[in-house]
Amino acid sequence: MPFPNVRLSNRPLHFIYLCDCSGSMAAQGKMQALNQAIRQSLPGMAEVARQNPEARVLVRAVRFADQAAWHLAEPTPVQQLHWRDLEAGGITAMGAALELVAGALQSPPMEERALPPVLVLISDGQPTDDFEAGLAQLMRLPWAQKAVRLAIAMGHDADLDVLQQFIGPEPAGRGRSPRRPLQASNATTLAQYIQWASTAVVGAASMPASRVVMPGERPAATTPPSGSNIPLPDLPPTLLDPIDDVGPLVW
Amino acid sequence: MTWLLPEGGTLQFKGLDQPLRILRGLGGGTQGQVFAVELGAPGSGEQLALKWYFPSCIARDPELRARLRQSIGLGAPNGDFLWPLALLEPQEAQPAGFGYLMALRPDGFVGAHLHAGGSLEISLQNVLKACFHLAEGFHQLHLKGLCYKDISLGNLFLEPGSGRILICDNDNVDIDGQGQGSVLGTPGFMAPEVLLGQARPGAASDLFSLAVLLFRLLSRHDPFRGARELAIRCLDEPARRRLYGEEALFIFDPVDAGNRPDPVEHSAALITWPIYPRSLQQLFEQSFGIGLRQPERRTLTGQWKQALARCLDQRQLCPHCGQETFLDPDAERHCWSCGGALPKPIQLQLPHGRVVAAAGNELQPHHVDALAGEAIDQPLALLVPHPSDPSLLGLRNLSQHTWQGQLSNGQQIALEPGRTCNLAPLQRLDSHAGAILVIRP
């Protein structure tokens, strides 16, 4: 006779893409690259969801250009998700996109109990609306404060300061960190970051992974670094543009 | 996925007299990537698995190489470990880093998380067998003076049709109390003293993680997720530290009912816990009660083995619904599944054990030999239904010796290896190892 048909109760994990669809995304195939990167990442994301008995991974997406709108409004189980292509055209209403997400993270519609949401903001330029107001509205919500917030800068024209504000306080030191905007200056790197966010980060937010201490560090801290309630996984080894992550170019 | 080693490529490694062909990438994790490789002539060489580490993993774990060498030298505790076989360092500067060879995971083994997630068809008997093998694996590991440090659902694989297991990711294994390996464990499985930073992982914390893993396999639920979990809105790291560390309380704590399962949210625990006999439940109460703060009071691997083996011996099929039950056959009992009264079963009395006569149950060497430790991988006999009339139950001789049976009318029969005798007229069976008496209620 089979084991009784029961399972560990699970919690929803809301994963929301915020995608810049401004006119500049039409240049150099950036829009197509983003569509491809997200579409290609879905099987891996579905596998992580399948392997994880503790989470129900639900995906949504916001597009922002002249205004912000839900591209994928229904929280969709990743196994059932078919990615419709985003199209570029317009300006960069990033603040409005944050307000839209704020509406989704209020309870209700947000469930009473959940795993930390994951928000991924992807942009290639500067916000043209009131970004500060949108961010303030978002960050008033407890679920936004608890969320894992990541940002991917496409190309070298993205406003890194704005993306850093979305993520939170900048970590000390220099170099690549998940708590800094991730610079994707080519399609391969973009795909690697999208894959990382949709698999490794989803895994970390839903099912705890093995913990390690650095050599010389006291093990006292299984506490993640301040400003974060989820320890983020290592970034993937990527093909870096030599001028990515070197810091400001001119000052 | 971007692979660290070239798929289809051939690489030379120090100490290997033959080149190694990288057949394909199998998967990647936070530490590195695993490849299927072939050693020797293409097409006819030995197929193995190669784990190759990320530079970041090597950098944060300076003792990794020495630890792997040590494990390779000591050898696997038993066949249930996918143990490192050889350390591989490239002859050339590229690729940088190192890895190790191990056996490929055979087909048919699936990740234990599938069972915990409820998406695996497996019998209760095979779950109990998997638990026994897990306790046995840790028993052998600890007897060698080693500790594992990071056991969780993520590094255990099951074969649902047999209950066999494989323990993977053995690269944190170290001599207990030695070394400063970087791993601390996996939240949800870590012992409270490790989670709270008061101790390094070792054999004592392994015993806690083992108890959690056994509970998750047997219940498809978590030992600490009860009422206190429902009070948590966002289940993040600080919340987990309270749930599994600072405020940890077993959901079935016999004294403190402050964290009982919720009938709706935690129904799995409420359905599965009554399946198991008190003797097994008490081992969990011990590890998750007093053993929570006093590592030396945790249930030992030998105790788990004994209780799990006893559980398998007590397996009885419910005559009303067919479900597997495991309660003490000498007590008044009801089926956990349908609620029907369970009749007293026929039992087989052996010199050192008593086994309920139910199809699928096995007689083991430790039932006849007081000196043999509990083991279930080489049974002496198996209870099987008749192939065309399942209402007839028989005992199959799995040994290499002919046994002598005595029937209730005094007639003697010979039971040759591989043959099965009908239990209905059988009074006793003299095996090469000892007598088997049929006890009828």
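The numbers here are math on the coordinates, done by the rules we state, and not lab data. Values in this document were obtained by computation on a predicted structure and should not be read as measured data. Cβ placement follows ideal geometry from the backbone for every residue including glycine, while neighbour counts extend to all protein chains displayed.
Quick notes
- Counting Cβ atoms of other protein chains within 10 Å of each residue's Cβ and taking the mean over peptide B:44-50 gives 0.
- C-alpha center-to-center spacing [the stretch B:209-271, the stretch B:1-17] in angstrom: 45
- Order of A:Phe15, A:Phe3 under a 10 Å beta carbon neighbour criterion, fewest first: A:Phe3, A:Phe15
- Both the radius of gyration and Dmax for the stretch B:345-439 are 12.3, 39 Å, in that order, over alpha-carbon atoms.
- Within the protein assembly as shown, A:Cys19, A:Cys21, B:Cys57, B:Cys131, B:Cys147, B:Cys168, B:Cys234, B:Cys311, B:Cys421 have no other Cys Cβ under 4.7 Å of their Cβ and so lack a disulfide-compatible partner by this rule.
- Note on chain A: antiparallel DSSP beta bridges, both residues inside, total approximately 20 percent of the bridges counted.
- Which of B:Thr272, B:Thr2 has the fewest Cβ neighbours within 10 Å, and the rest in rising order: B:Thr2, B:Thr272
- Placing R0 at 56 angstrom, the Cβ-Cβ distance between B:Asp17 and A:Gln40 gives a FRET efficiency of 0.85 after rounding to 0.05.
- Residue mean of other protein chain beta carbons inside 10 Å, B:184-193: 3
- Working value for the stretch A:22-206: equivalent-ellipsoid semi-axes of 22, 20, 17 Å, each the square root of 5 times a Cα gyration tensor eigenvalue, largest first.
- Partner lysines whose Cα lies under 23 Å from the Cα of B:Lys14, excluding those fewer than 8 positions away in the same chain, are identified as B:Lys51.
- For the protein assembly as shown, the antiparallel share of DSSP beta bridges with both residues in that region comes to about 75%.
- Over all Cα atoms in chain B, the spread is summed up by Rg and Dmax: 24.4, 80 Å.
- Averaged over the residues of A:102-115, the number of partner chain Cβ atoms lying within 10 Å of the residue Cβ comes to 1.
- Between the stretch B:125-179 and the stretch B:27-84, the alpha-carbon center distance in angstrom: 17
- Within the straight-line cut-off of under 18 Å between alpha carbons, the aspartates and glutamates reachable from B:Lys344 are B:Asp313, B:Glu324, B:Asp328, B:Asp330, B:Glu332, sequence neighbours fewer than 8 places apart in one chain being disregarded.
- Eligible lysines near B:Lys129 by straight Cα distance, threshold 19 Å, same-chain separation 8 or greater: B:Lys305
- In order along the stretch A:155-163, the phi-based Karplus estimate (6.51 cos²θ - 1.76 cosθ + 1.60, θ = phi - 60°) of 3J(HN,Hα) comes to x, 9, 9, 5, 8, 5, 5, 5, 5 Hz; Gly and Pro are listed as x.
- Scalar couplings 3J(HN,Hα) for the stretch B:81-92, obtained by applying the Karplus form with A = 6.51, B = -1.76, C = 1.60 to θ = phi - 60°, are 9, 7, 8, x, 9, 7, 7, 10, 10, x, 6, 9 Hz; x denotes Gly and Pro.
- Modelled this way, with points 7 Å down the Cα-to-C-beta line, the labels at A:Gln28 and B:Ala227 are 6.0 nm from one another.
- Residues whose amide H falls under 5 Å from that of B:Leu415, counting only those 5 or more places apart or on a different chain, are B:Trp403, B:Gln404, B:Gly405, with hydrogens built in the peptide plane.
- Karplus-based coupling profile of the stretch B:363-370, in residue order and whole Hz: 9, 10, x, 6, 6, 10, 10, 5, with θ = phi - 60° in 6.51 cos²θ - 1.76 cosθ + 1.60 and x standing for Gly or Pro.
- Net length gained if the chain between A:Gln165 and A:Gln145 were fully extended (0.36 nm per residue, minus Cα distance): 5.9 nm
- Cα-based equivalent ellipsoid, the protein assembly as shown: semi-axes from gyration tensor eigenvalues, Å: 52, 29, 23
- When B:Ser287, B:Ser399, B:Ser209 are arranged by Cβ crowding within 10 Å, least crowded first, meaning fewest neighbours, the order is B:Ser399, B:Ser209, B:Ser287.
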